[in-house]
Every structure is written in structure tokens, then in C-alpha cells.
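Heads up: the structure comes next, in C-alpha cells.
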Amino acid sequence: MAELMQVSQRQSQLPAGARSSQGNQYLTFSLGGETFAMEIRCIREVIQFGGLTLVPLMPDFIRGVINLRGAVVPVIDLSVRFHRPPSDPSKRTCIVILEVGDEEHLSTLGVMVDNVSEVLEIMREDIEPAPSFGSTLRADFIQGVGKVGGQFVIILDVNQVVSVEELASLAASRGDGEAT
């Protein structure tokens, strides 16, 4: 995990032209036996799963909140967000802390994953557009499919997967349904 932060710092110190010619760096992780990736530029840190406080009347995909150095951070069960059964935490389960949104409205939240694998550099020419069929994920959740070592990695569009506006809307609609 320390390697992730070091890679992120090295990436941000490169000139913009050097970053674009190299491709992008992605954190790979497992969820339900599948391999996914997300750009490291939106990742603040990776922490071990634990210290989760359940919050009543939250949507199923919000697993709870954690205290991250004094800040309350909601944790999303990515498996439930993908309309799959809830994750079963193990020793390898991690929470990936993300910063999403625009510079004026930056939100910090965590996503629960089965385990974190490694940081990979995937060249632009090795990324294919999201397929229009055959995926169990919403098409807008997929940024592309990367080819890494003869295997495919689904690259997530983090801003779509954890869209703060959509999550708030889903939470509000659940609250309206509970009140009736």
C-alpha cells in the first residue's frame, strides 16, 4: 500500500507531456472473482477493512462509515453497487479511499473491495472501448477494457460508479420509500 502512494507521488511529479506519452497508472483489485482497475489519480489511499460503523436507514450499497483521521467517510460496498450479493469481508478486504467530483466540490468516500492487487501502467493503445454487450455492469460504469499480460481488466469510470449526485438521489428515494 505504501507503494501505491509512492507511485502516485511520482506520477504527479512528472511533467504533463511525460504523463500523457506513458499511458495511465491504474490500481487493480478483485471483486467477486473479477479483476477491475481504476485510475490512481482519484485514489487518496488504501486501508485495511475495519472500524466500520453501521448507519440505520442507509441504502444497501452504503456499508457504513469510518473515521479517517477525524473525518466521517461513507463506505460503499462495490459489489452491491454492481447489483451483486454483498461482499463477505476477509483478511484481504480493503477500503480504497477516493476523492471524486470537481475541484470545487470534492468528496471523500471509500469503496470496499475483496483485495488490492497492484499498480499497473496501461498504455492507451492497450485499452479498448467498453463493450456494448456481454457485461453485467452498467455501460456507463466502464471506461474501457485494458489488456494486461494476455488478460482483460475492466477499467471503471470512478466518477460514474460513485457519482455523489446519483448516490444521494438513490439514498433520498430509499428514504421516501421508508416513510410511506
statement: Here, Gln151 and His83, labelled 7 Å along Cα→Cβ, have an inter-label distance in nm of 2.7 nm
task: List the residues whose amide H sits under 5 Å from the amide H of Val46, counting only those 5 or more places along or on another chain, with H placed 1.01 Å from N in the peptide plane.
output: Ile97
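At a 10 Å Cβ-Cβ cut-off, how would you order Phe61, Phe82, fewest neighbours first?
Fewest-to-most ranking of Phe61, Phe82: Phe82, Phe61.
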- prompt: Gly32's amide H: which non-local residues (gap 5+, or another chain) put their own amide H closer than 5 Å, with H modeled 1.01 Å from N in plane and none for Pro or chain starts?
  reply: Asp114
query: What list of ³J(HN,Hα) values in whole Hz, one per residue of the range 86-97 in order, does the Karplus curve 6.51 cos²θ - 1.76 cosθ + 1.60 (θ = phi - 60°) give from phi, with Gly and Pro shown as x?
result: x, 5, 9, x, 10, 5, 8, 5, 10, 10, 8, 8
message: What do you get for trypsin sites (Lys or Arg not before Pro) in the range 22-104 restricted to DSSP loop and a cutoff of at most 16 other Cβ within 10 Å of the site's Cβ?
response: Arg69, Lys91, Arg92
query: Please state the Cα pair-distance histogram of the range 51-127 with 5 angstrom bins from zero: what percent is in each bin?
result: 3, 14, 20, 22, 18, 13, 6, 3, 1, 0
field: Fewest-first ranking of Val55, Val46, Val162, using other Cβ atoms within 10 Å as the exposure measure
entry: Val55, Val46, Val162
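Any read-out appearing in this document is the output of simple, stated calculations on the displayed coordinates, not a laboratory observation. Note that the structure is predicted; figures quoted are calculated from it, not measured. A quick note on method: Cβ atoms are made from the backbone with ideal geometry, for glycine too, and the neighbour counts reach across all protein chains shown.
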